[in-house]
Amino acid sequence: MRLNRSVKAAVAVGALLLVTACGSSDDEGGSPSAQSGLNPPDLKAQSKLGRTEGQVNLINWAGYVEDGSNDPKVDWVSDFEKETGCQVNSKVAASSDEMVKLMKTGQYDAVSASGDASLRLIASGDAAPVNTDLVPNYKDVFGGLKNQEWNSVDGTAYGIPHGRGANLLMYNTEKVKPAPDSWSVVFDGASKYKGKVTAYDSPIYIADAALYLKATRPDLKIENPYALDQKQFDAAVDLLKKQNENVGEYWGDYLKEVSAFKSGDSVVGTTWQVIANLAEDEGAKVEAVVPKEGSTGWSDTWMLSAKAKHPNCAYKWMDWIISPKANAQVAEYFGEAPANSKACDLTSVKDWCETYHAADEDYWKNTAFWNTPIEQCLDGRTDTKCVPYAKWVQAWTEIKG
């Protein structure tokens, strides 16, 4: 589950599965690694803004569109409505699958898509290209979030970056010694902590196993943990089935993971920075690190519906949510690194961006951001087929028994 920054926030939080494969735009940033096989419809981005339509209908993760109704102190929607005249109607989605389903209805203007949703929306023509020139605050988005595989295709931008986070290794400093620097502690060495290992409850976690095998099994020739041929995929699944014997609990609810580390029921496993912070604040003796093999991670993108009835208000919203003040607010409330570089000067916690490595592009270079596995291998191979996401879902059920 994606989580809200505040433990007290009574908001339902959606389960994230994984993220896309797409290409580049003409702004600064990365370049596509492999997009062969992804052929979205030939849609054109809006060339200019017209009059706002008076409302905008959004699909979003909990904590992304706050108007004070969940917490009177948390509100970046009301000022948007006053400034633009666009009334915000938001729908919290519980999963990426739900986001895709809702976007296909044509009733929504924009969505805060994770990559698995964004790739499907792009390929199906449900998401429209975006004109970043119509989003003034885009210029201040960190370069490492622009032109990436989860928000652009073949030189065309399909979304506006919202924020990012890495999946870390958390361990009990009193029970796990020596301090681990490798994912081996939850894979090949997991039996040492049998019954007290925890793992993220989602098919996306197969990529974590693949990332570890990329470093430890060079014979498998894994280049991209989201581009696995059958042999590579089987190896990752086998590793996770062996790990399952030592897992005490798979977590999706961040409160359960915090509680498990406080009680000692869990002593080592995957986590997010915000969970580590909360666990430490509540007295758990924990540390969270990026292991030497690197880590997986997530980044969300605001995408425009190709059927948007209120596209001008949607563009206004995309610009607003990445404006320095609003982006700082949502980053702190949700628990992530903001997308806008100027947001770092406006967070209430002054070292927020340092803690979440917002501007540390070297840190993110070791992060394999979630992508959606498709048959056309995302690592550029054309002589084989890779295992698509549907089979990841089936395998995850088998892994957990």
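Data overview
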| read-out | value |
| --- | --- |
| Computed magnitude of the charge dipole of the chain (debye, nearest 20; Cβ of K, R +1, Cβ of D, E -1) | 580 debye |
| Residue order, fewest to most beta carbons within 10 Å, for K221, K146, K350, K104 | K350, K221, K104, K146 |
| Eligible lysines near K342 by straight Cα distance, threshold 20 Å, same-chain separation 8 or greater | K139, K146, K316, K325, K350 |
| Efficiency of FRET between K73 and K139 - r from beta-carbon atoms, R0 25 angstrom, step 0.05 | 0.25 |
| D42 versus E375: modelled label distance in nm, points set 7 Å from Cα along the beta carbon direction | 2.4 nm |
| Prolate/oblate/rounded label for segment 54-212 (Cα gyration tensor, a/c 1.5) | prolate |
| Dipole of segment 227-296, positive direction: furthest Cα of L255, S295, V237, with charges on the beta-carbon | V237 |
| Residues in segment 377-392 reached by a label modelled at Q230 [backbone nitrogen below 15 Å; 7 Å Cα→Cβ] | 383-388, 391-392 |
| Ascending count of other beta-carbon atoms within 10 Å, so fewest first, for S191, S95 | S191, S95 |
| Nearby lysines by direct alpha-carbon distance to K391 (threshold 16 angstrom, same-chain neighbours under 8 apart not counted) | K231, K241, K400 |
| Q394 paired with K292, simple spin-label distance in nm, labels 7 Å along Cα-to-beta-carbon | 3.8 nm |
| Net lengthening on full extension, K82/K342 (0.36 nm per residue, minus Cα-Cα) | 91.3 nm |
| Percent of Cα pairs exceeding the 20 Å cut-off, where the set is segment 58-146 | 47 percent |
| Difference of contour (0.36 nm per residue) and Cα-Cα distance, L255 to E354 | 33.2 nm |
| The chain shape via C-alpha gyration tensor axes, a/c threshold 1.5 | oblate |
| Helix-only CD estimate at 222 nm, as mean residue ellipticity for the chain, using -39500 (n - 2.57) per DSSP H run (n ≥ 4) | -8000 deg cm²/dmol |
| For segment 209-363, alpha-carbon Rg and Dmax in angstrom | 19.3, 52 |
| Positive-end residue of W272, A210, T347, charge dipole of the chain with Cβ unit charges | A210 |
| Proximal aspartates and glutamates to K285, defined as alpha-carbon separation beneath 12 angstrom and excluding residues fewer than eight positions away on the same chain | E174 |
| Burial ordering of R164, R381, fewest other beta-carbon atoms within 10 Å first | R381, R164 |
| For segment 294-346: Kirkwood Rh in Å [reciprocal of mean 1/r, alpha carbons] | 12.4 Å |
| Surrounding net charge for D351, when Lys and Arg each add one and Asp and Glu each subtract one, Cβ distance under 13 Å | -3 |
| Full-stretch length increase - E361, N244 - with 0.36 nm per residue and alpha-carbon distance subtracted | 38.8 nm |
| Between segment 186-209 and segment 115-160, the Cα center-to-center distance that results, in Å | 32 Å |
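Any read-out appearing in this document is the output of simple, stated calculations on the displayed coordinates, not a laboratory observation. Just so it is clear, the structure is predicted and the values come from calculations on it, not from any experiment. Note that each Cβ is placed from the backbone with ideal geometry, even for glycine, and that neighbours are counted across all protein chains shown.
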